[in-house]
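The values are calculated or read from the model by the stated rules, or taken from the named source; none is laboratory data. If you're wondering where the values come from, they're calculated on a predicted model, not measured in any experiment. As a convention, Cβ positions derive from the backbone with ideal geometry for all residues, glycine included, and neighbour counts pool all protein chains shown.
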Amino acid sequence: MKKYLKRLSVAAVLSLTLFVAGCGADTTSKDGSIGDQLNYTITGIDAGAGIMAATEEAIEEYGLEDYTLQTSSSAAMTAALAAAYEKEEAIVVTGWTPHWKFAKYDLKYLEDPKGIFGASESIHTIARKGLDADHPTAYEVLDNFYWDQADMGEIMVAVNEGADPVDAAADWVANNQDKVSQWTDGVAHVDGDKLTLTFVAWDSEIASTHMIGKVLEDIGYDVELVSLEAAGMWTAVATGSADALVAAWLPGTHAVYYEDYKEDFIDLGVNLEGAGIGLVVPTYMNINSIEDLNN
Ligand code: PBE
């Protein structure tokens with residue numbers, strides 16, 4: 001029944017659009033259901049991201065089966081958002097905080113009355129087993145690492161404005177020695193020991209991983225940053241092929257990975273608080289809740 005009604009309204013919009021087009025007017029009509037305006041598409045990111053699994057669950061729980069969750073990447077998602085925003089077109093993306101997009105555009109999270117995307121999250125630092133014995137200095141610095149959203153935001157915004165992440169991270173480190181010294185004060189320097197950090201190319205994690213990598217370089221490590229898919233990132237630390245990651249979103253977003261490997265790594269605790277995930281739309285869109293995607 002629902003499907004039938006939707007088809008009817010698609011037909012109605014089509015004929016209206018054709019009529020308007022015939023008159024030489026703008027064909028990017030904002031009429032039609034929310035689903036029509038969105039082409040029944042949710043713009044996602046990489047398949048392994050926790051937010052993708054959460055969105056699939058939301059599609060099921062909110063009865064959004066007419067929608068397709070498009071798999072892409074962080075970069076493709078923000079490019080799609082920029083293109084839609086410029087034309088004031090409808091778009092819904094898998095979004096998260098902290099992220100520079102909230103500074104650049106007027107956006108809102110859709111309310112999630114069923115709580116599928118969870119409440120506030122924290123980002124944790126995870127080390128491989130044995131890191132404390134093999135590289136006690138790195139272990140201590142990683143254990144001490146703690147910053148806030150504004151800190152991460154500075155690097156993310158600089159990268160979005162075109163800076164190389166290596167330079168943006170180095171600038172932040174240079175300008176925030178008070179904070180950095182709280183993590184590094186009194187640690188023994190090393191002489192070129194190799195250290196591998198792994199991350200996924202999400203904007204937030206590009207920022208944090210480059211920053212802590214620079215801090216570790218400054219105390220003498222030869223740091224390699226390895227970008228992987230989400231599952232690969234967790235596997236690398238669990239199997240010891242990477243030394244650490246600073247990109248664990250808990251308790252919800254990475255719960256599956258955490259559970260899979262929890263015997264095989266050391267959780268060094270929170271490095272950033274107040275993170276979150278959800279479905280995000282521009283404020284010019286006339287909807288407020290995930291439930292409204294059915295309108
Ligand atoms: N994110 C950014 C990740 C964690 C960090 C929200 C895109 C995810 O969904 O797994």
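Quick notes on this one:
- Residue match in the stretch 199-214 (condition: of a type outside the set (A, V, I, L, M, F, W, C), over 28 Å from Gly162 (Cα atoms) and either within 16 Å of the ligand (Cβ to nearest atom) or modelled with pLDDT of 95 or more (or both)): no
- Hey, Leu228 in contact (Cβ under 8 Å) with a residue 12 or more places away in the chain, within 16 Å of the chain's Cα centre (by Cα) and under 30 Å from Phe102 (Cβ atoms) or not: yes
- Sole residue being out of contact with any Lys or Arg (no Cβ under 9 Å at 6 or more places or on another chain), assigned to a loop (DSSP other than H, G, I, E, B) and within 16 Å of the ligand (Cβ to nearest atom), chosen from Gly192, Gly162, Gly118: Gly118
- Test for Ala170: is it free of Cβ contacts under 8 Å to residues at least 24 places away in the same chain, assigned to a helix (DSSP H, G or I) and either more than 14 Å from the ligand (Cβ to nearest atom) or at positive phi (or both): no
- Residues in the stretch 30-46 that are within 13 Å of the ligand (Cβ to nearest atom) and either assigned to a helix (DSSP H, G or I) or in contact (Cβ under 8 Å) with a residue 60 or more places away in the chain (or both): Ile45, Asp46.
Condition check ((1) modelled with pLDDT of 50 or more; (2) out of contact with any Lys or Arg (no Cβ under 9 Å at 6 or more places or on another chain); (3) surrounded by 13 or more Cβ atoms within 10 Å (Cβ to Cβ); (4) farther than 27 Å from Ser227 by Cα) across all residues:
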residue: Lys3; (1), (2), (3), (4): no, yes, no, yes
residue: Gly24; (1), (2), (3), (4): no, yes, no, yes
residue: Thr28; (1), (2), (3), (4): no, no, no, yes
residue: Asp31; (1), (2), (3), (4): yes, yes, no, yes
residue: Ile51; (1), (2), (3), (4): yes, yes, yes, no
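- Per the listing Glu89, Glu61, the residue uniquely more than 17 Å from Thr253 (Cβ to Cβ) and charged (D, E, K, R) is Glu89.
- Filter pass, Pro113 being touching a residue at least 40 places away in the same chain (Cβ under 8 Å) and away from the ligand (no atom under 16 Å from the Cβ): yes
- Test: residue in the stretch 133-144 that is more than 16 Å from the ligand (Cβ to nearest atom), closer than 27 Å to Ala255 by Cβ, of a type in the set (Gly, Ala, Ser) and in contact with a strand residue (DSSP E or B) (Cβ under 7 Å, 6 or more places away or on another chain): yes
Matching residues to (1) farther than 20 Å from Ile45 by Cα; (2) modelled with pLDDT of 95 or more; (3) in contact with a Leu (Cβ under 8 Å, 6 or more places away or on another chain); (4) assigned to a strand (DSSP E or B):
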site: Gly232; (1), (2), (3), (4): no, yes, no, no
site: Ala236; (1), (2), (3), (4): yes, yes, yes, no
site: Glu259; (1), (2), (3), (4): yes, yes, no, no
site: Asp267; (1), (2), (3), (4): yes, yes, no, yes
site: Glu291; (1), (2), (3), (4): yes, yes, no, no
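- Being out of contact with any Cys (no Cβ under 6 Å at 6 or more places or on another chain), surrounded by fewer than 15 Cβ atoms within 10 Å (Cβ to Cβ), charged (D, E, K, R) and without any contact (Cβ under 8 Å) to a residue 40 or more places away in the chain holds for only one residue in Glu161, Glu154, and it is Glu161.
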